[in-house]
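The values are calculated or read from the model by the stated rules, or taken from the named source; none is laboratory data. None of these values were measured; they are calculated from a predicted model. We place every Cβ from the backbone using ideal geometry, glycine too, and count neighbours over all the protein chains shown.
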């Protein structure tokens, strides 16, 4: 939990109940490309803004308790707009002794009251840079943190109902940050620059330079796919980008010691150190068509993977050393798709197709006779052992929609775990046995396709209460296999962006 967050019940009540506390636009000279400036929410010290036409810089000073939870308190320089827009700027704080969590932001918000629906890319005093968003009035703010600290230049783009963040790389070029959110604004909205001191008793100042605010024409050609490996903290729902690239990759596994993540990309298996930025190739011999069904053994020494580069071009299951090596085939029949290791490491559970019917099977990790565990109508998929080895959890369409089920490890006592209106896939139990996470599609979506608006939902196994952990654009490849951190505090997953190509270079 970030130190910058603490309850603001009094400020929230004032912002809602006392509209007069919203300062009117302050006439402080020409504001360049912007129309007005306002103190938003509740501030003790009125903010100000100065535009230097010669340097084309905006120097903005703002007070305010915070821009978080259900209310924002800050100073805002804005222009009312509609349609698709982009706002870019270099950001530098004046002075280095302020609160580490002071913020300078590029923002889009529906209204000028403190509880408005809003999204921004925020540079913090300590260098943290994140896409922050409040999807409905008075809701708590959430964020996706960039893996780059203190980028000089940032950009926010609204295209349709999606908002994307960009950050400058070490060469100063803007590139997708891997952070985006679906957020629909109605009619006109406000676009601009803001500063919050994160300390109600002081005022902080930031300089925004090379500011560009432009309507966005439709992109040209096919959009480019960006994949983002993210982590999300269960306690706060904060998300953080671990790795982003204009490539297609899928399905992270977290190592048993928490030191690295495994994922598949373009038929290969990659390994990314936690905190690293350069994935390494894991050697899998002649198995070069690996798919998104793979997982690490309980002792962390081996990797089970599903690959379809054999002569029949159908998926089989193999086991390799975790550092890479020669794959050993486990399943003689195909197609077979790995999903889980037994806690003692002796058995694999997987999904296999037979005569057009997909069911769940178990097999010794050394190979041998497979055992069929489900025969119910509908698709049965995504099997995974509970940490205590008592159950296998899976998803099944036998009720008419895809739902989460469980059974004993011999296939007996099959029972539905929860029932809801969505189509639910790929349940994963936390290592401490407290939580179940699953991927939820809209009830009208068939199968588990890619490029969908989906949710990661978290269920407490003690009381079966469910809440949304993250909303994202993803689906197939997002969380097909176990992705919990070993301490049960975080999850890894992949989100996707289809980014339209601009007519002119991004600046």
Item to check | Hits in the stretch 431-463 (condition: under 20 Å from residue 227 (Cα atoms) and outside any strand (DSSP E or B)) | outcome: 448, 449, 450, 451
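Of the residues in the stretch 211-257, how many are over 19 Å from the mean Cα position of the chain (by Cα) and outside any strand (DSSP E or B)?
First pass over the stretch 211-257, keeping only residues over 19 Å from the mean Cα position of the chain (by Cα): 211-223, 255-257.
Restricting the remaining residues to those that are outside any strand (DSSP E or B) gives 216-219, 255-257.
Looking only at that region, the number is 7.
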Next on the checklist: What's the number of the only condition in (1) more than 29 Å from residue 257 (Cα to Cα); (2) at pLDDT 95 or above; (3) assigned to a loop (DSSP other than H, G, I, E, B) that residue 488 fails to meet?
Outcome noted: (1)
Checklist entry - Is there a residue in the stretch 202-219 that is without any contact (Cβ under 8 Å) to a residue 24 or more places away in the chain and buried (at least 16 other Cβ atoms within 10 Å of the Cβ)? => result no
Next on the checklist: Against the definition (in a loop (DSSP other than H, G, I, E, B), modelled with pLDDT of 95 or more and on the phi < 0 side of the Ramachandran plot), how does residue 43 come out, yes or no?
Outcome noted: yes
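Go through the stretch 388-430 and tell me which strands (runs of 3 or more DSSP E), entirely inside it, have 2 or more residues that are surrounded by fewer than 23 Cβ atoms within 10 Å (Cβ to Cβ), assigned by TED's automatic domain parsing to the domain that holds residue 481 and free of Cβ contacts under 8 Å to residues at least 40 places away in the same chain.
Working: elements: 391-396, 403-408, 423-429.
Of the strands (runs of 3 or more DSSP E) lying wholly inside the stretch 388-430, those with at least 2 residues that are surrounded by fewer than 23 Cβ atoms within 10 Å (Cβ to Cβ), assigned by TED's automatic domain parsing to the domain that holds residue 481 and free of Cβ contacts under 8 Å to residues at least 40 places away in the same chain span 403-408.
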Checklist outcome for this item: Counting only residues that are surrounded by 15 or more Cβ atoms within 10 Å (Cβ to Cβ) and closer than 25 Å to residue 431 by Cβ, the stretch 323-342 contains a total of 8
Checklist entry - Among the residues of the stretch 150-177, which ones are out of contact with any strand residue (DSSP E or B) (no Cβ under 7 Å at 6 or more places or on another chain) and on the phi < 0 side of the Ramachandran plot? => result 170, 171, 173
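Restricting to the stretch 63-72, name every residue that is surrounded by fewer than 22 Cβ atoms within 10 Å (Cβ to Cβ) and not in a loop (DSSP other than H, G, I, E, B). Before the answer, list the steps.
Here is the first cut: in the stretch 63-72, the residues surrounded by fewer than 22 Cβ atoms within 10 Å (Cβ to Cβ) are 69-70.
Within the stretch 63-72, no residue meets the criteria.
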Checklist entry - Going through the stretch 73-90 one residue at a time, which ones are buried (at least 24 other Cβ atoms within 10 Å of the Cβ) and under 25 Å from the mean Cα position of the chain (by Cα)? => result 87, 89
Checklist entry - Quick check: is even one residue across the stretch 196-210 modelled with pLDDT under 95 and assigned to a loop (DSSP other than H, G, I, E, B)? => result no
